[in-house]
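Below you'll find the structure, written out as structure tokens, and then a few comments.
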Amino acid sequence: LMLAMGIHPKVSSASSACMIMYTSFTATTSFFVFGLLKMDYAVVCVIMGLALTFVGQLGLSAIIKALGRDSLIVFSIAGVVGLSAILMGFHSMIAIMTPGHEEPEANFCDAGE
């Protein structure tokens, strides 16, 4: 949408990244407040996320500088969002089709009990 309005791809990707970070932070805070966050798992995910973001940023910056195309930023974001949607769909299909496979439910109402 921002690209269609004529906003530069770097500004658009930075805004998108900021919105994703804010959404992730608020969801994580909600899970922490209600006691549903597994801290050992969260620490590993945070460390891995920061390290891989740094590596990806360096790699993409080098490619953009070499090719001189800012459109790669948009394609990379679209690829990540599209891949995550596909993988979530596959995960849901497998969970539905596997007999006896039930994932534990995280219920905010039962968090204090």
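Against the main long axis of the alpha-carbon atoms of the chain, helix 9-33 sits at an angle near 10°. Working note: 222 nm ellipticity from helices only, DSSP H runs with n ≥ 4, each -39,500 (n - 2.57), summed and divided by the residues of the chain, gives -25500 deg cm²/dmol to the nearest 500. When a 1.4 Å probe is rolled over the protein heavy atoms, the share of accessible surface on the chain that falls to carbon and sulfur comes to 74 percent. Picking from Phe75, Met93, Met19, whose Cα lies most toward the positive end of the charge dipole for the chain (charges on Cβ: Lys, Arg +1; Asp, Glu -1)? So the residue furthest toward the plus end is Phe75. Using the Cα coordinates of the chain, the gyration tensor eigenvalues translate into equivalent-ellipsoid semi-axes of 33, 18, 15 Å, sorted from longest to shortest. Accessible surface for the stretch 1-52, divided over its residues, is 80 Å² per residue with a 1.4 Å probe.
Counting only Cβ charges, +1 for Lys and Arg and -1 for Asp and Glu, the dipole size of the chain around its Cα centre is about 760 debye.
The values are calculated or read from the model by the stated rules, or taken from the named source; none is laboratory data. Worth saying up front: this structure is predicted, and the values here are computed from it rather than measured. Cβ coordinates were reconstructed from backbone atoms using ideal geometry, including for glycine residues, and neighbour counts include every protein chain displayed. For accessibility, only protein heavy atoms count, side chains too; no ligands or nucleic acids. Shrake-Rupley method; radii C 1.70, N 1.55, O 1.52, S 1.80 Å.
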